Amino acid sequence: QLQLVESGGGLVQPGGSLTLSCAASRSISSFAAMNWYRQGPGKEREVVATLSRGDSTNYAGSVKGRFTISRDNAKNTVYLQMNSLKPEDTAVYYCNARESLITTSGYWGKGTQVTVSS
């Protein structure tokens, strides 16, 4: 079993920055991908950033150029650096560890709330 715990969320003004952390209970280096998802009010969950085992990255169009996903395998931690935040970024952000690209199996954190408001 893998446990993922997100932290770093909070209230930030538009244009501000936050860094989210996802601490894993064991090694994350074997997973096919680590992902950050979010679910805003009245919206469905969407993937915002992906970091593959081979260190390739991908971002949702709405966050490209503003968000950066990274990891520290020695610390079993994944990060999401968020800059130039907009009210539309308000959501619960979830960390996900994907076991395979051909199945949906994996693990989820409980989420951390990010609110962008003046």
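Only residues in segment 106-117 that are closer than 17 Å to residue 8 by Cβ count as the first member; pair them with residues that are in a loop (DSSP other than H, G, I, E, B) and open to solvent by 40 Å² or more (accessible area, probe 1.4 Å), Cβ under 7 angstrom, at least 6 apart or cross-chain, and list the lot.
Here the result reads 116/14; 116/86, each pair linking segment 106-117 to a residue that is in a loop (DSSP other than H, G, I, E, B) and open to solvent by 40 Å² or more (accessible area, probe 1.4 Å).
Any idea which of 4, 18, 51 is under 14 Å from residue 90 (Cβ atoms) and not small (Gly, Ala, Ser)?
Result of the check over 4, 18, 51: 18.
So which residues in segment 13-25 are surrounded by fewer than 18 Cβ atoms within 10 Å (Cβ to Cβ) and more than 16 Å from residue 72 (Cα to Cα), if there are any at all?
The answer is 13, 14, 15, 16, 17.
Given (1) in contact (Cβ under 8 Å) with a residue 40 or more places away in the chain; (2) touching a Ser or Thr at 6+ places or on another chain (Cβ under 8 Å), where does residue 38 come up short, assuming only one miss?
Evaluating residue 38 over (1) in contact (Cβ under 8 Å) with a residue 40 or more places away in the chain; (2) touching a Ser or Thr at 6+ places or on another chain (Cβ under 8 Å) leaves (2) as the failure.
Can you work out which of the residues in segment 73-118 that are part of a strand (DSSP E or B) and among the β-branched types (Val, Ile, Thr) is nearest to the chain's Cα centre (by Cα)?
Result: 78.
Just the residues that are open to solvent by 70 Å² or more (accessible area, probe 1.4 Å) and modelled with pLDDT of 95 or more, please, taken from segment 40-54.
Scanning segment 40-54 gives 43, 44, 45, 46.
Kindly evaluate residue 25 against the criterion of being at pLDDT 95 or above and within 28 Å of residue 117 (Cβ to Cβ).
Criteria not met by residue 25.
Of the residues that make up segment 91-100, is at least one free of Cβ contacts under 8 Å to residues at least 60 places away in the same chain and not β-branched (Val, Ile, Thr)?
Yes, that holds for at least one residue.
The values are calculated or read from the model by the stated rules, or taken from the named source; none is laboratory data. Values in this document were obtained by computation on a predicted structure and should not be read as measured data. Note that we place each Cβ from the backbone using ideal geometry, even for glycine, and neighbour counts take in every protein chain shown. Calculation scope for accessible area: heavy atoms of the full protein, side chains included, ligands and nucleic acids excluded. Shrake-Rupley method; radii C 1.70, N 1.55, O 1.52, S 1.80 Å.
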